[in-house]
1. For ALA97, work out the one condition from (1) more than 14 Å from the chain's Cα centre (by Cα); (2) closer than 18 Å to ALA21 by Cβ; (3) within 14 Å of the ligand (Cβ to nearest atom) it doesn't fulfil.
2. When you go through GLY169, GLY173 one by one, which is the residue that is among the small types (Gly, Ala, Ser), free of Cβ contacts under 8 Å to residues at least 24 places away in the same chain and more than 26 Å from PRO67 (Cβ to Cβ)?
3. Do we have any residue at all in the stretch 151-164 that's within 21 Å of ASP28 (Cβ to Cβ) and either in contact (Cβ under 8 Å) with a residue 12 or more places away in the chain or not in a strand (DSSP E or B) (or both)?
4. Based on this model, can you work out whether GLU151 counts as within 8 Å of the ligand (Cβ to nearest atom), under 23 Å from ASN23 (Cα atoms) and either at pLDDT 95 or above or polar (S, T, N, Q) (or both)?
5. When ILE112 is evaluated against the numbered criteria (1) outside any loop (DSSP other than H, G, I, E, B); (2) farther than 24 Å from TRP157 by Cβ; (3) more than 8 Å from the ligand (Cβ to nearest atom), which criterion, by number, is the only one it fails?
6. I'm trying to understand the selection: among the residues of the stretch 8-44, which are of a type in the set (Ser, Thr, Tyr) and either outside any strand (DSSP E or B) or near the ligand (Cβ under 8 Å from one of its atoms) (or both)?
7. Condition (residue is hydrophobic (A, V, I, L, M, F, W, C) and within 17 Å of the chain's Cα centre (by Cα)) applied to the stretch 163-178: is it met by at least one residue?
8. Might you let me know whether the stretch 93-114 holds any residue that is surrounded by 14 or more Cβ atoms within 10 Å (Cβ to Cβ) and among the acidic types (Asp, Glu)?
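The values are calculated or read from the model by the stated rules, or taken from the named source; none is laboratory data. What you are looking at is a predicted structure, and each value in this text was computed from that prediction instead of being measured. Cβ placement follows ideal geometry from the backbone for every residue including glycine, while neighbour counts extend to all protein chains displayed.
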Amino acid sequence: MTALNADQSPALMMSAVVAMATNRVIGDGTGLIWHLPDDLKRVKSLTMGCPLIMGRKTWQSIGRPLPGRGSIVLTRDQNWQAEGAIIVHDFDAALTAAKAWIAAHNAGCEKIILFGGGEIYRMGLDYCHEIELTVIDISPDGGLDAALFPELNTDDWTQQIEAEIDPVGDVPGYRYERWYRAHPPRAL
Ligand SMILES: NC(=O)c1ccc[n+]([C@@H]2O[C@H](COP(=O)([O-])OP(=O)(O)OC[C@H]3O[C@@H](n4cnc5c(N)ncnc54)[C@H](OP(=O)(O)O)[C@@H]3O)[C@@H](O)[C@H]2O)c1
């Protein structure tokens, strides 16, 4: 059942959505280092209608706003501009912008999505209620600028396996996991 606030609006939560290799590499700093079309479809369905909080490097790796979602982009550069990005300079401002996006575009939205990359996951995981994690059975060298997903303290999180996908041809095997926080996260 959906939790409600006192004014009957849905209670807001934060969900991290991420795909990582078994060595926790999520990208080489400029993009992904795998192509899993079904995982991209899953990301689309998990994030549609929600605001995404991402770092400037992740924004640049995508290169455009994702349709039907708000793209809230963190940068320290006060002069940086990008069409379609909602630009913020600290995490509190990102949360404020995400709530404003929901109020303006989709009042029924219950989730702010922590969308990466590595720096932004490190900053935002304390606020997350859940993690939608794809684990890919490869162990790539992400290079000098490799981005990693942080280690999770299993005292704080409960893991649930959602699905296992076998390798096919050049496509490695992977699995979908959902991690729930054992105790309430930092307040949004
Ligand atoms: N596999 C996945 O699920 C997934 C998901 C997302 C991204 N990725 C990959 O991850 C890589 C990018 O990750 P990354 O860790 O290198 O970079 P990132 O987290 O996407 O972005 C880092 C940038 O965010 C800004 N930033 C960080 N902390 C900030 C703060 N406290 N205040 C304001 N701005 C702040 C800075 O931008 P400025 O330098 O402009 O100041 C910083 O350079 C790419 O390879 C991407 O493809 C993978």
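1. Here ALA97 clears every test but (2).
2. On the way: GLY173 fails: free of Cβ contacts under 8 Å to residues at least 24 places away in the same chain.
Result: GLY169 is the single residue among GLY169, GLY173 that is among the small types (Gly, Ala, Ser), free of Cβ contacts under 8 Å to residues at least 24 places away in the same chain and more than 26 Å from PRO67 (Cβ to Cβ).
3. So in the stretch 151-164, the residues within 21 Å of ASP28 (Cβ to Cβ) come out as 151.
Now drop any that are not either in contact (Cβ under 8 Å) with a residue 12 or more places away in the chain or not in a strand (DSSP E or B) (or both), which leaves 151.
Within the stretch 151-164, one or more residues are within 21 Å of ASP28 (Cβ to Cβ) and either in contact (Cβ under 8 Å) with a residue 12 or more places away in the chain or not in a strand (DSSP E or B) (or both).
4. Spelling it out, it is not the case that GLU151 is within 8 Å of the ligand (Cβ to nearest atom), under 23 Å from ASN23 (Cα atoms) and either at pLDDT 95 or above or polar (S, T, N, Q) (or both).
5. Only one criterion in (1) outside any loop (DSSP other than H, G, I, E, B); (2) farther than 24 Å from TRP157 by Cβ; (3) more than 8 Å from the ligand (Cβ to nearest atom) is unmet by ILE112, namely (2).
6. Let us first name the residues in the stretch 8-44 that are of a type in the set (Ser, Thr, Tyr), namely 9, 15, 22, 30.
Of everything in the stretch 8-44, those that are of a type in the set (Ser, Thr, Tyr) and either outside any strand (DSSP E or B) or near the ligand (Cβ under 8 Å from one of its atoms) (or both) turn out to be SER9, THR22, THR30.
7. Taking the stretch 163-178 as the starting set, the residues that turn out to be hydrophobic (A, V, I, L, M, F, W, C) are 163, 165, 168, 171.
Next, from what is left, pick out any that are within 17 Å of the chain's Cα centre (by Cα): none.
No, the stretch 163-178 contains no residue that is hydrophobic (A, V, I, L, M, F, W, C) and within 17 Å of the chain's Cα centre (by Cα).
8. yes
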